[in-house]
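In what follows, a single structure is set out as structure tokens and then discussed.
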Amino acid sequence: MIHGIGVDIVEVDRMRNIIIKHGDKFSRKILTPSEQLVYDKSTNKAQYMAKCWAVKEAFVKALGTGFTKDYSWSTIEYFSPIGTYGTAHPQVRLNKRLENKIVHLSVSDEKENVIAYVTIEEVL
């Protein structure tokens, strides 16, 4: 059974402008410590930030709560393991377990835009 679906699209230039204006102060507010490590090593910080932003927004939309005490910018993590095609897929990691729910994530990016699509499945 589907609990919720969320989608978010982010313009990469929007993230680039925020990073130029606020620097690492912005990333430390939005990213988890693990995401911050990836961001710090990234050659395209705006693209990576756009992915994280879109994933977090899509997740809270699918959850139906928006950002809350339990699910805030710093408690929702985007993770994309490196692997061969079909064996690894992007994931949402949470600091608090979702009871009886499975989170499915798809992320796609081009030079100018990033889109994240989250489906939360309720397992009875």
(request) Inspect all residues belonging to region 27-38 and state whether any of them is surrounded by fewer than 13 Cβ atoms within 10 Å (Cβ to Cβ) and assigned to a loop (DSSP other than H, G, I, E, B). (result) no
(message) Cβ-Cβ distance below 7 Å, separation of 6 or more or different chains: which pairs start in region 21-50 with a residue that is at pLDDT 95 or above and end on one that is among the basic types (Lys, Arg)?
(response) Gln36/Arg28; Tyr39/Lys45; Ala46/Arg16
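Given the condition surrounded by 12 or more Cβ atoms within 10 Å (Cβ to Cβ), not in a helix (DSSP H, G or I) and not hydroxyl-bearing (Ser, Thr, Tyr), answer yes or no: does some residue in region 41-51 qualify?
Taking region 41-51 and keeping what is surrounded by 12 or more Cβ atoms within 10 Å (Cβ to Cβ), we get 42, 44-51.
So of that shortlist, the ones also not in a helix (DSSP H, G or I) come out as 42, 44.
Right, trim to not hydroxyl-bearing (Ser, Thr, Tyr) and you get 44.
Within region 41-51, one or more residues are surrounded by 12 or more Cβ atoms within 10 Å (Cβ to Cβ), not in a helix (DSSP H, G or I) and not hydroxyl-bearing (Ser, Thr, Tyr).
The values are calculated or read from the model by the stated rules, or taken from the named source; none is laboratory data. If you're wondering where the values come from, they're calculated on a predicted model, not measured in any experiment. Methodologically, a virtual Cβ is constructed for each residue, glycine included, from the backbone with ideal geometry; neighbour enumeration extends over all protein chains shown.
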